[in-house]
Each structure stands twice: as C-alpha cells, then as structure tokens.
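First the structure, in the form of structure tokens, and then the observations on it.
Bear in mind these aren't lab numbers, they're just calculated from the coordinates by the rules spelled out. Computed from a predicted model, the values in this text were never measured in an experiment. Ideal geometry is used to build each Cβ from the backbone, glycine not excepted, and the neighbour counts take in all protein chains shown.
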C-alpha cells in the first residue's frame, strides 16, 4: 500500500504556528519570497530590484522571479518610474496590511469552501476509491 503524503496543513494547525506558516501555506511562498514580502512591508516605500537583491544577498534574477510571483498573487505592487535623463526602472512595494488581511481572509474562505465541497462528495469518492483499490 502507498504511504500517504505528509500533510502541509499540520504546519498551520500546530498550537505554535505563526502568520509566516499561514502565508507559506496559503500563498505557497518560498523563504526568499517571504523575506522579500516582509522587507517591503517593513520598508513602507517602494524599492528597486537592485535594492532588494542587495538586502537579501541574492542574485537579481532570483529576486526578480520571486517578485513576479508576489505581484502575480496581488500582495505586492510593481510600478514603472521614469528617469529624468531617459529610461525607466521598476519599483516594488507591498500592499497595505489591511488589504493583505482581506486577501488572506478570501483565501481562507476559498479553502474552507473547497473542504466543504470535498466533504459533500465524501461517500461517493470513498466508494470509488475503495472499488478501484479492489480491482487491482
């Protein structure tokens, strides 16, 4: 019989779990992404890719990929700024704490709805799983 995978939900159901654990679970964040997010939240102003790469001591391409993910998740912002002498650069920031809390609450609600949907189909899915197990 196959071993069941370890549940990542254990991380957020522990008594001593933290908001970091929640973010890792809900947003599937790496340690670099989490570091960047907290730097941007703490800084309260936008920062360039170069500034962030230096702050986390990582190469710009890794930081760029992580920032793209955070922006795609809607928890960080990306703004194009024009230089006086021509050209442009991107500045990254975090959304405000209240908006972040609202987004996180939405994710928790979506997860809760998914669990309830699975529970409604529980007997049907168990029947199928058991019958396919015995057909081996």
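Summary table below
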read-out	value
Between segment 93-122 and segment 68-85, the Cα center-to-center distance that results, in Å	24 Å
0 to 90° range, to nearest 10: angle between helix 60-73 axis and the chain longest Cα axis	60 degrees
Inter-site label distance for residue 56 and residue 115 at 7 Å from Cα along Cβ, in nm	2.9 nm
Which labelled figure in [x] 15.6; [y] 17.9; [z] 14.8 is Kirkwood radius over Cα pairs in Å, once derived from the coordinates	[y]
Gaussian network model of the chain, springs between alpha carbon atoms under 10 Å - residue of 66, 17, 99 with greatest fluctuation	17
On Cα atoms only, tilt of 31-43 relative to the major axis of the chain in degrees	50 degrees
Relative contact order of the chain, pairs being alpha-carbon contacts under 8 Å that are 6 or more residues apart, as %	19 percent
Among 28, 57, 96, residue whose mean-square fluctuation peaks in a GNM of the chain (springs only between Cα atoms under 10 Å)	57
With Cα atoms, 0 to 90° folded angle of helix 97-120 axis to the chain main axis	20 degrees
GNM top mover of 102, 41, 24 - the chain, alpha-carbon springs below 10 Å	102
